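Comments concern the structure below.
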Amino acid sequence: MSAKVLVSRCLLGHRVRYDGGASGPYDQLAKWQDEGRVIALCPEVAGGLPTPRAAAEIPGGQGVDVLSGRAPVITTDGEDVTAAFVSGAEQALELVKQHGIRIAILKANSPSCGNRLTYDGSFSGTKVAGQGVTAALLSAAGVQVFNELELAEAAHALADIS
Ligand code: SF4
């Protein structure tokens, strides 16, 4: 059976981003879809948030701090959406376990999905090194997390485990 890959829904053209938009298309992701490898999830929508929704950031921390209860996820409206973000991350982890997934492609810079950078919580457009909530939980579980700019590396990693 082909190894599965967890993919952020917005990278598959699903209009689930906070602003109602999507990303893509990406040829590599389309190929994996054709091969039946893709398990799609938007952690924020899965966690119960609507689309469109207010942008959210993690003031005073990163995804790992949200998971340990040391930092919240707050929207531009001041709403605490921590529980929805954590729920979405836990659902991603369940899918990973269910399908034996070892590679994820998550949207760069998101407070849920960002694998290398997130915004700093000041809503000023400033990015800092760190992972979003879902990316942090999956990484801690041993999943290799790539973003949409790292699809070639992800393909090599998938070839190594297939
Ligand atoms: Fe959903 Fe992640 Fe895409 Fe945000 S970046 S819309 S949480 S899949």
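Residues in the stretch 1-19 that are in a loop (DSSP other than H, G, I, E, B), of a type in the set (Ser, Thr, Tyr) and near the ligand (Cβ under 8 Å from one of its atoms): Tyr18 alone. For first residues located in the stretch 56-78 and free of Cβ contacts under 8 Å to residues at least 40 places away in the same chain and loosely packed, with under 13 Cβ neighbours inside 10 Å, partners that are of a type outside the set (D, E, K, R) and outside any loop (DSSP other than H, G, I, E, B) and lie 6+ apart or on another chain with Cβ distances below 9 Å form the pairs Gly69/Thr82; Arg70/Val64.
In the stretch 31-54, is there at least one residue being more than 8 Å from the ligand (Cβ to nearest atom), at pLDDT below 95 and on the phi > 0 side of the Ramachandran plot? No: zero hits.
When Asn109, Asn115 are screened for being under 16 Å from Arg9 (Cα atoms), under 12 Å from the mean Cα position of the chain (by Cα) and crowded, with 22+ Cβ neighbours inside 10 Å, only Asn115 passes.
Taking the criterion of being touching a residue at least 60 places away in the same chain (Cβ under 8 Å) and either in contact with a Cys (Cβ under 9 Å, 6 or more places away or on another chain) or within 8 Å of the ligand (Cβ to nearest atom) (or both), the residues of the stretch 20-30 that qualify are Ser23, Gly24.
Can you find, within the stretch 115-151, the residue that is nearest to Val81 (Cα to Cα) among those that are touching a helix residue (DSSP H, G or I) at 6+ places or on another chain (Cβ under 8 Å) and either without any contact (Cβ under 8 Å) to a residue 40 or more places away in the chain or of a type in the set (D, E, K, R) (or both)? Per the criteria, the residue is Asn115. In the set (1) under 15 Å from Glu44 (Cβ atoms); (2) touching a strand residue (DSSP E or B) at 6+ places or on another chain (Cβ under 7 Å); (3) of a type in the set (Ser, Thr, Tyr); (4) more than 13 Å from the ligand (Cβ to nearest atom), the condition left unmet by Tyr119 is number (4). Residues that are surrounded by fewer than 19 Cβ atoms within 10 Å (Cβ to Cβ) and within 10 Å of the ligand (Cβ to nearest atom) within the stretch 90-106 are absent altogether. When the stretch 103-162 is filtered for residues that are within 16 Å of Ser23 (Cβ to Cβ) and among the basic types (Lys, Arg), only Lys107 remains. In this structure, Gly100 qualifies as touching a residue at least 24 places away in the same chain (Cβ under 8 Å) and touching a Lys or Arg at 6+ places or on another chain (Cβ under 8 Å). Only one of the numbered conditions (1) surrounded by fewer than 16 Cβ atoms within 10 Å (Cβ to Cβ); (2) closer than 15 Å to Ile101 by Cβ; (3) free of Cβ contacts under 8 Å to residues at least 60 places away in the same chain is not met by Ser2, and that is (3). Among the residues making up the stretch 31-41, those that are touching a Leu at 6+ places or on another chain (Cβ under 9 Å) and touching a residue at least 24 places away in the same chain (Cβ under 8 Å) are Trp32, Arg37, Val38, Ile39, Ala40, Leu41. Of all residues in the stretch 97-138, which are among the charged types (D, E, K, R) and touching a Cys at 6+ places or on another chain (Cβ under 8 Å)? The answer is Lys107, and nothing else.
The values are calculated or read from the model by the stated rules, or taken from the named source; none is laboratory data. Computed from a predicted structure; not experimentally measured. Positions of Cβ are generated from backbone atoms using ideal geometry, with glycine treated the same way; all protein chains shown enter the neighbour counts.
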